[in-house]
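Here is the structure we will look at.
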Amino acid sequence: MNEAVAPPMGMLAELTHRCPLACPYCSNPLTLQQAANELDTTTWLRVLDEAAGLGVLQVHFSGGEPLVRTDLETLIAHAAKRGLYSNLITSGMTMTAARARALADAGLDHAQLSLQDTEAEGADYFAGSKHSLAKKQAAAAMLREAELPLTINAVMHRGNLAHLEAMIDMALALDAGRLEVAHVQYYGWALRNRAALMPTRAQIDVATEIVTAARARLSGRLVIDYVVPDYYASRPKACMGGWARRFFNVDPAGNVLPCHAAQTITSLHFDTVREKSLGDIWRNSAAFNQFRGTDWMPEPCQGCERREIDWGGCRCQALALTGDAAATDPACGLSPQHAMMHEIAVAEAAAPAPEFIYRRMR
Amino acid sequence: MSVKVEGASCPALARGVKLRFDETRDQWMLNAPERVLVLDEIAQTILERVDGKLSINELCWQLAVDFAAPQDIIQADVMEMMQDLLERGFNRI
């Protein structure tokens, strides 16, 4: 047993991979779980009990679209009963006023709604959908009517960065208390669509200026979280706050993952809540212990004074770009592949955007 | 313009922010969307009292009485803490 491992802070509960949208940067894996493989209500209730017992503070009910689960309110009520802070991550596409009220009554603490663009045509194009912006604006109003605190999640890329100022205005108009401006991270579907999404360095610099100014202007009114893209960075991000250090993800079928992209590392074996408890998996799963802490690190990470700041960056990105999941994240300037990563970004952003490959069940 | 905390301000936890005691870690904390703030004993004592009705002036007077401490020193610390929490989105006024 590995009793020395600190308890996790958060659990991402991916209740389903079913979704009315088809965003080409979806964080779900390329191979999506079918509805028939989804965990049942009883199992999710046990998982919530185990999460609370393990020390989890926040549960993010996500998907796919979690609203397709008819037991969502039951799960939220159970989370509330166990003292877990609950967050709903939704597209809002199928929200109704009655559902918003039921979610609030169940004890939901917070809702996060995605917006793909501030203009109807772009929103539909980026979501692979119809009438999405109007539905989402209506959903925001329903959530606020039910007095639920609201975050707008705006995934930004070369196609919508010109609308960032408008996105901030829209978040205010929708009465959000928080806005996530998240540059696309390139895993799974987004990696496949990278050339269609990659912004130029100049676009990113403008976005950073806009966010910095808006934060100062809207301090005390709107919290703006900013997820920076790392293809142009010189230091890697502390992905997930460090592998198996603060968060884990339970996928619709019950697989327990250190992050939502971890299944791209096909050499790892992931345990499932169908067979083991969360506590056992968190402490003892080979996949969690593979890159936990700093012992696994190669040089230059091992001797780096930032090894417990960025925790070696992102394992999935290391695999995707270098072929080795244990390599230094190429987002780091000390990686031998760093220049290659930067060149990919510059070349793709300068070329015409190819057609999207939309997220689809296979 | 950004919002400034004043003595007459009546702070409350921002929407979606919950004060709770975590038994696993034996600590008080604020839970907010995607964020957790660990609180020391002083911060917990103050945040338990804010309700959107009590002004900072009244709050500091209460604290000065309850802890037999000079109100002006308490007031300076509380104002600084409330401004910080406001700017980080944990509080509203």
*Give just the number: which of (1) in contact with a helix residue (DSSP H, G or I) (Cβ under 9 Å, 6 or more places away or on another chain); (2) at the interface with chain A (Cβ under 8 Å from one of its Cβ atoms); (3) part of a helix (DSSP H, G or I) does residue B:57 not satisfy?*
(2)
_If I ask for residues that are in contact (Cβ under 8 Å) with a residue 40 or more places away in the chain, small (Gly, Ala, Ser), over 14 Å from residue A:186 (Cα atoms) and out of contact with any Lys or Arg (no Cβ under 8 Å at 6 or more places or on another chain), which ones from region A:304-345 would you list?_
A:312
*asked:* For the structure I just gave you, tell me whether residue B:13 is in contact (Cβ under 8 Å) with a residue 12 or more places away in the chain and within 20 Å of residue A:56 (Cα to Cα).
replied: no
*asked:* Among the residues of region A:71-79, are any among the charged types (D, E, K, R) and touching a strand residue (DSSP E or B) at 6+ places or on another chain (Cβ under 9 Å)?
replied: no
_Residue tally, condition crowded, with 19+ Cβ neighbours inside 10 Å and either of a type in the set (Asp, Glu) or in a helix (DSSP H, G or I) (or both), over region A:165-194_ = 10
*Residue, nearest to residue A:148 (Cα to Cα), within region B:1-27, restricted to residues that are away from chain A (no Cβ under 12 Å), within 14 Å of the chain's Cα centre (by Cα) and among the small types (Gly, Ala, Ser)*: B:12
_Residue among B:30, B:86 that is modelled with pLDDT of 90 or more, in a helix (DSSP H, G or I) and within 11 Å of chain A (Cβ to nearest Cβ)_ = B:86
*Residues being part of a loop (DSSP other than H, G, I, E, B) and either within 14 Å of chain B (Cβ to nearest Cβ) or more than 27 Å from residue A:187 (Cα to Cα) (or both): count how many of those fall in region A:30-75.*
6
*Is it the case that region B:11-24 has a residue that's in a loop (DSSP other than H, G, I, E, B) and either among the aromatic types (Phe, Trp, Tyr) or in contact with a Phe, Trp or Tyr (Cβ under 8 Å, 6 or more places away or on another chain) (or both)?*
yes
*Looking at region A:154-178, which of its residues are within 14 Å of chain B (Cβ to nearest Cβ) and of a type outside the set (A, V, I, L, M)?*
A:175, A:177, A:178
*Residue by residue through region A:139-153, note down the ones that are crowded, with 18+ Cβ neighbours inside 10 Å and more than 14 Å from every other protein chain (Cβ to nearest Cβ).*
A:139, A:142
*Spot the failing condition for residue A:136; the list is (1) away from chain B (no Cβ under 13 Å); (2) closer than 27 Å to residue B:30 by Cβ; (3) basic (Lys, Arg), and only one is missed.*
(2)
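The values are calculated or read from the model by the stated rules, or taken from the named source; none is laboratory data. Treat the numbers as computed from the prediction; the structure is a model and nothing was measured. All Cβ positions, even for glycine, are placed from backbone atoms using ideal geometry, and neighbour counts span all protein chains on display.
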